[in-house]
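What follows is a single structure, written as structure tokens, with notes after it.
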Amino acid sequence: MKALGLKGKTMEDMTRRDALAFAAGLVAITVLPLPVLAAEETAMDEINKFVGGGEAAESGRVTLETPEIAENGNTVPLTVMVDSPMTADDYVKRVLIVADANPRPGVATFHFSPKSGVAEASTRMRLARTQNVIAVAELSDGSFHMAKSMVKVTIGGCGG
Amino acid sequence: MLSRRDFLQVALATGALSGAGNAWPSFAAGTMLTEAELLAFEPLGNVTLLHITDIHAQLVPLYFREPSINVGVGESKGLPPHITGKAFLAKYGLEAGGAQAYALSDQGFSTLAREYGRVGGVDRLATMIKAVRAERPDNTLFLDGGDTWQGSYTSYQTQGEDMVRVMNALGTDAMTAHWEFTYGTERVTELLEQLAFPFLANNVRDTDWEEPVFDGIATFERGGTKIAVIGQAFPYTPVANPRYKIPTWSFGIREEAVQAQVDKARAEGAELVVLLSHNGFDVDRKLAGRVQGIDVILTGHTHDALPDAVTVGKTLLIASGSHGKFLSRLDLDVRDGAVKGYRYKLMPVFSDIVTPDPEIAALVEEVRAPHKAELNRVLGKTESLLYRRGNFNGTFDDLICQALLEERDAEIALSPGFRWGASLLPGQDITVEDVHNVTSITYPAAYRSEMTGAFLKTVLEDVADNLFNPDPYYQQGGDMVRVGGLGYTIDPGEEIGKRISNMTFLATGAPIEAEKNYTVAGWASVNEGTEGPPIWDVVEGYITNHTTVSVTPNDAVKVVGV
């Protein structure tokens, strides 16, 4: 189980990957780094706001299905499922989806109640480039759980 | 032709689930190689799977040189199929300088090709398939891994129909697909009407509601055993090939959909579960460790030919090569719903040794007859061995790049890293058929445009990551984009953005400048509306202008860190 602290700069692997992408950006195009940094902070801001000082764990309870490589970055399908009995005593309240390198990282917030029966939702999102998509679920007991998956956005061609 | 030395004597494959024994025949000197010896196999168990894949519409015998470089990254580093040449022969205990080296490596290729002759030809394949079926009439299942309908002059002219007719006549039991989709939604739908067997693609969904477009699974009974075959189409077809040809079909690996289909098949009584896959070898190796309950993965896409099965847990991975060069036979002892033993042989189809099947030979003749004059039209001659297979530029790619530079008056040429395409020996004529064998696609426009140095770097980095991402699920298959007029250094083990360095404009020897525009000619753009003459006309123009072509090995691409 990996805890994701949300107050400090403890999103270690995400930061490392983004730092590399950032370095790549510097080589290819020299003007982009500022907005990328800004977006990264906003993604963390979004999550911080959602958990309100709590901590989200990668506990395996959240399943996030996204393609490994996007067929079309403008409309990338995602399905999020949270393992929960969805009873009055134990249910999923909300699920936040963020894309950490989009100019506007917030993708969606899904609201559930015990009457939802199952905590599952699907939608499509636009991804500006290769990045992590993060789902954070708030349960009725006040705990937070998360899942993360990387979606690659490529210029394509050449396969086969 | 065949000399007295290095002939095939079959020592039988003795595989067991413990993985004992090298399943390739030993080729002892002094024994005459015969069709019977190529086919010799001590049957085992109750099920025989025959597998071909990636024949790329090659109906008649050809030469095909295996790669000299196939870099593995991450967990695949140093593992088959990422071993080539001498190291490959050593790994499998195969003899250098003989039939084994000829079939499975690049070592001494031009010399051995003259000795052992061409490989493949569907009429030869038919003879071998029929022989196995005659021996095991109730036990045999013949499966095609896809990339069958594309890659030749006649498949392009008939828009895949010649291959559908041939595969029907071969009595194929099921197929999956990749390049088939490049004929577009409408044509694929038409061809499926003519197809006499299941076309399986469990991972293709419609873009509206994510509902299945094709059957995902077919069940068979052979030797009293219930067999489920799940088809897995190439997951990145709409990324690697033009999305506009199939705008409403969505692909992907969809691991959870594979698992669901396996579980359902088992629940319905399947005793043997086979994944007929076009994922590519490394993707299948990863998938085998994550999806439970698959007995056999018949791999495809990456064109690897391995003389022994690779095991991941209880799953057997088979790699049957490409271009009709091999027929795989896997015998399985299935009892109490489990595989108790297996025996495997990767059978090389040496065209001079195997007798053509008259029925299929007549059909091949029939489908080629209307195109005979064009197929045989000689454009020129090559002084060099022309081949494509390998992670970086092959000599045939260098010829295509040279044609693009010259015929399209460009500074830099880009040519796709396809893994298909027949080889030509030094001294051979180059015919229209030969040019089509390395260029035949449904989006052939040779574009000419301007690109900045920075954009060229982005292209190289992007393609390199599709090939060398350490996580196979993020790999797209294919090889590195081929370049003309441009040199670079690549470190495959690096991260995206850091693999490519020392980009050099070869005309002047100066470094490529990020802000500067270069005139670039290329082909196989996946973008709709790309304009230009078909690539085969460009290559034809170049060859006829030069009469005789000669290609010196490309030393402008330097690979480091491997």
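Of the residues screened, residue B:49 is not one that is under 16 Å from residue B:322 (Cβ atoms) and touching a residue at least 60 places away in the same chain (Cβ under 8 Å). Taken as a whole, region B:446-458 holds no residue that is more than 30 Å from residue B:381 (Cα to Cα), touching a strand residue (DSSP E or B) at 6+ places or on another chain (Cβ under 8 Å), β-branched (Val, Ile, Thr) and assigned to a helix (DSSP H, G or I). Take the conditions open to solvent by less than 10 Å² (accessible area, probe 1.4 Å), touching a residue at least 12 places away in the same chain (Cβ under 8 Å) and in contact with a Pro (Cβ under 9 Å, 6 or more places away or on another chain) and apply them to residue B:412. Does it pass? Considered against the rule, which asks whether it is open to solvent by less than 10 Å² (accessible area, probe 1.4 Å), touching a residue at least 12 places away in the same chain (Cβ under 8 Å) and in contact with a Pro (Cβ under 9 Å, 6 or more places away or on another chain), residue B:412 comes out as no. Taken over region B:431-440, the residue count meeting the criterion of being over 20 Å from residue B:66 (Cα atoms) and out of contact with any Phe, Trp or Tyr (no Cβ under 8 Å at 6 or more places or on another chain) is 1.
Can you go through B:477, B:541 and tell me which one is touching a Lys or Arg at 6+ places or on another chain (Cβ under 9 Å) and either in contact (Cβ under 8 Å) with a residue 40 or more places away in the chain or part of a helix (DSSP H, G or I) (or both)? Give the derivation first.
Numbers: B:541 fails: touching a Lys or Arg at 6+ places or on another chain (Cβ under 9 Å).
From the options B:477, B:541, the qualifying one is B:477.
Exactly one residue out of B:324, B:337, B:300 is over 16 Å from the mean Cα position of the chain (by Cα) and in the same structural domain as residue B:222 (by TED's automatic domain parsing): that is B:337. When residues in region B:392-415 are screened for being modelled with pLDDT of 95 or more, in contact with a helix residue (DSSP H, G or I) (Cβ under 9 Å, 6 or more places away or on another chain) and in a loop (DSSP other than H, G, I, E, B), 3 of them pass.
Per the listing B:478, B:453, the residue uniquely within 13 Å of chain A (Cβ to nearest Cβ), open to solvent by less than 10 Å² (accessible area, probe 1.4 Å) and under 22 Å from the mean Cα position of the chain (by Cα) is B:478.
So that you can scan it fast, the table gives a plain yes or no per residue for (1) crowded, with 20+ Cβ neighbours inside 10 Å; (2) within 14 Å of chain A (Cβ to nearest Cβ); (3) over 20 Å from the mean Cα position of the chain (by Cα):
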| site | (1), (2), (3) |
| --- | --- |
| B:373 | no, no, yes |
| B:392 | yes, yes, no |
| B:396 | yes, no, no |
| B:416 | yes, yes, no |
| B:419 | yes, yes, no |
| B:424 | yes, no, no |
| B:437 | yes, no, no |
| B:442 | no, yes, no |
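Of all residues in region B:504-530, those that are under 30 Å from residue B:237 (Cβ atoms) and within 13 Å of chain A (Cβ to nearest Cβ) have Cβ atoms under 9 Å from Cβ atoms of residues that are open to solvent by 80 Å² or more (accessible area, probe 1.4 Å) and not in a strand (DSSP E or B), 6 or more apart or on another chain, in B:526/A:155.
The values are calculated or read from the model by the stated rules, or taken from the named source; none is laboratory data. Since we're looking at a predicted model, the values are computed, not measured. When we count neighbours, we look across all protein chains shown, and the Cβ atoms used for this are built from the backbone with ideal geometry, even at glycine. Accessible surface is based on the protein model in full, side chains and every heavy atom, while ligands, DNA and RNA are left aside. Shrake-Rupley method; radii C 1.70, N 1.55, O 1.52, S 1.80 Å.
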